[in-house]
Amino acid sequence: MICASFHDSIADLPAAEWDALCPDDNPFLSHGFLAALESSGCIRDDYGWRAHHIALREDDRLVAAAPFYIKGNSHGEFVFDWSWAGAWERAGGDYYPKLLNAVPYSPVTGARLLVGTHDEAELRRRALVTAMRAQVDRYNLSSAHANFLTEADLPAYDEHWLERSDIQFHWPNRGYADFDAFLGALNHKKRKNIRQERNQVTRSGLRLEMRGGSTLSASHWHEIHQLYTATFDAKGNHAALTEAFFVALGQNLGDRVQVALAFNGPTIVAMALFLRSRNVLYGRYWGASVDIPGLHFELCYYQGIAYAIAQGIERFEPGAQGEHKLARGFLPVRTHSRHYLADEGFRDAVRQALRRESIHLDAYAADLMEHSPYAER
């Protein structure tokens, strides 16, 4: 018999058993990544995050699991439901707390229903989704949400869950021999602009390095975190990730963490932090203490592309949003989320709104592809 339980810390679940349920080596689903968030003070009630992970056991053996959170707001999710919350609260309801099946602060597609690989995988995915809905009903909550889902997870969410899509920009590695070969695939204008941007950084005299997490000292991580927080603060955003998280990330994931660094002498003056799997590079955080034209694009995009080519990585996902990425070789792809709203009338109203949103998104995606940066062959 399979029994469901909920846990307020991923430390309650054995790391080896959790990781064995992951279908690939996506670092954001790893026990090490999620544990680093919790142990370093990034998952906190006053930030709107409380762990509530789902575990399915059969004869005391973990057979399925999902990263699950009780949310007191919609910060750090990257699938925006502020308008839904406002509408429900104007109608006299409490939208928060809600439930969320996702990876905190990470707009990265990956498995959300961890079931391993066996004949009963689909049944266990559906069992996890059933457990999510049951929690909404048990605690009389407004909703449950599942963000940045893989194609394999989608069938587990039945007709009671609303479908939603969005657009991200990903870079495809088409077997380029080097960065110049990638530039050669672009149209003349885009190729020229990228070379100009890179030359601006070269003329600055900064020294650039890509470093693995295992090679960085505590003082390096301190500098990197200071750049991250200062850049967030300058833009009026909340820097939710602690220095302890950055250090734990390097300790837990080693060279699955990569950091593009810009040095002025011995001092780190800019950084872009990446995570990687065997086949995908993920761009995450940026920070700088200097204002050098082209430096953001160099560290966040071009260093990542060069690294992906050198390592034979198939795809580079630099994060959420940003039409400016199109001109730099990134193409639009769909992301998927599913949403269960407990009130049937509210659910039907949002379903209609999502249908209208989907029509506009289709037109937007088609328009983007009309402006592909790649030369016609």
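A few notes on this one:
- Residue within the range 247-257 that is farther than 25 Å from ALA310 by Cα and in contact (Cβ under 8 Å) with a residue 12 or more places away in the chain present: yes
- Residues (part of a helix (DSSP H, G or I), among the aromatic types (Phe, Trp, Tyr) and surrounded by fewer than 21 Cβ atoms within 10 Å (Cβ to Cβ)) located in the range 75-87: TRP82
- Scan of the range 191-213 for residues that are touching a Lys or Arg at 6+ places or on another chain (Cβ under 8 Å) and within 17 Å of HIS296 (Cα to Cα), ordered by number: ILE194
- Members of the range 247-266 that are surrounded by 18 or more Cβ atoms within 10 Å (Cβ to Cβ) and either in contact with a strand residue (DSSP E or B) (Cβ under 8 Å, 6 or more places away or on another chain) or in a strand (DSSP E or B) (or both): LEU249, GLY250, LEU253, ARG256, VAL257, GLN258, VAL259, ALA260, LEU261, ALA262
- In the range 1-54, of all residues being part of a helix (DSSP H, G or I), of a type in the set (Phe, Trp, Tyr) and more than 16 Å from the chain's Cα centre (by Cα), the one that is surrounded by the fewest Cβ atoms within 10 Å (Cβ to Cβ) corresponds to TYR47.
- Strands (runs of 3 or more DSSP E) (entirely within the range 267-355) containing at least 3 residues that are crowded, with 16+ Cβ neighbours inside 10 Å: 267-276, 280-288, 331-341
- Count of the range 55-74 residues, restricted to those that are over 19 Å from HIS339 (Cβ atoms), outside any strand (DSSP E or B) and modelled with pLDDT of 95 or more, is 0.
The values are calculated or read from the model by the stated rules, or taken from the named source; none is laboratory data. Computed from a prediction, not measured in an experiment: that's the story for all the values here. Ideal geometry is used to build each Cβ from the backbone, glycine not excepted, and the neighbour counts take in all protein chains shown.
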